[in-house]
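Notes for the one structure printed next.
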Amino acid sequence: MNHQTAVLIAWSMGTAAASYGLLAAYLVSLGQAWRSSNRARAMLTAVALATLWAIVGTLFALSGHTFLLISSAVLDILRYGAWYFFLILLLSPTTPNAGNSRVIPTWLIQLCWIVIVGGVALHLSISVQLLPAGQWARVQLLQALAMVVLGLILLEQLFRNVTNDARWNV
């Protein structure tokens, strides 16, 4: 990676780290009453993982260490997993009496976790050279694409299942 690209990546990831860090600080400042719900804790966890991912990405861009690259990739997958968990909680019934009135199918939830666990296993296997990196590069790209598509599906389900009045609050 040349110097100009590294600087651009460092600025980009640094800006993301600062933004996510400010959002995390704001969420923490809302107090214990706000953080008492599972949804709030899931959101705070997702924002904290996003902050950590951006910090590690910035450090990689500045130093070029392979360990930071692998850590950034794994944190990115975990960050997606935390956002999936938050969206799944938003799409789940809040009252225990609601029964099995889940908005999203069970297979979609299982697919989300398969993609996350499989992605972590794939990246760690390649990083410790259990799998040859060159041969598994396409699988890594497919896994990254699957994470994005699943995130879009969950967001689509969220927007589809709120009332017109509540849509602006999402």
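Values for this structure:
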{"item": "Cα gyration tensor shape for the chain, rounded if a/c is under 1.5, else prolate or oblate", "result": "oblate"}
{"item": "Approximate spin-label separation Ser29-Thr15, in nm, with each point projected 7 Å along Cα-to-Cβ", "result": "2.2 nm"}
{"item": "Extended-chain gain in nm, criterion 0.36 nm per residue less alpha-carbon gap, Arg41 and Gln135", "result": "30.0 nm"}
{"item": "On Cα atoms only, tilt of 3-29 relative to the major axis of the chain in degrees", "result": "30 degrees"}
{"item": "Carbon and sulfur %, accessible surface of the chain computed with the full protein complex present, 1.4 Å", "result": "67 percent"}
{"item": "Estimated dipole of the range 16-170 in Debye, rounded to 20 [Cβ of Lys and Arg +1, of Asp and Glu -1, Cα centre]", "result": "200 debye"}
{"item": "Computed over the chain: relative contact order in percent, which uses C-alpha pairs under 8 Å that are six or more apart", "result": "20 percent"}
{"item": "Over the chain: helical MRE at 222 nm, DSSP H runs n ≥ 4 each giving -39500 (n - 2.57), nearest 500", "result": "-27000 deg cm²/dmol"}
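The values are calculated or read from the model by the stated rules, or taken from the named source; none is laboratory data. All values derive from a computational prediction rather than experimental measurement. Counting neighbours? That spans all protein chains shown, and the Cβs are built from the backbone with ideal geometry, glycine included. Ligands, DNA and RNA are excluded from the accessible area calculation, which covers all protein heavy atoms including side chains. Shrake-Rupley method; radii C 1.70, N 1.55, O 1.52, S 1.80 Å.
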